[in-house]
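Encoded as structure tokens, the structure appears first; notes follow it.
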Amino acid sequence: MHESAPHLASRIEAEGRKAAGFMRALNETDLAQVIYSESPPWQAREILAHLT
């Protein structure tokens, strides 16, 4: 199914708002959690910084 550009833009914007809300809700304990344990390990805050 092909979607119109305005519809896709609207969906991308909505998902961005959801992601931003999720990220804002993370507390210090959440952000300090090691997610990737290989050398060097990455905490959630480092992954978030990398993605943003």
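The values are calculated or read from the model by the stated rules, or taken from the named source; none is laboratory data. If you're wondering where the values come from, they're calculated on a predicted model, not measured in any experiment. With ideal geometry, Cβ positions are generated from the backbone for all residues, glycine too; neighbour counts draw on all protein chains shown.
Before moving on, here are some points about what is shown:
- Failed item in (1) surrounded by fewer than 10 Cβ atoms within 10 Å (Cβ to Cβ); (2) assigned to a helix (DSSP H, G or I); (3) modelled with pLDDT under 95, with Thr29 passing the rest: (3)
- Condition met for Ser10 (surrounded by 11 or more Cβ atoms within 10 Å (Cβ to Cβ), without any contact (Cβ under 8 Å) to a residue 24 or more places away in the chain and hydroxyl-bearing (Ser, Thr, Tyr)): yes
- Some residue of the stretch 4-24 being in contact with a helix residue (DSSP H, G or I) (Cβ under 8 Å, 6 or more places away or on another chain) and aliphatic (A, V, I, L, M): yes
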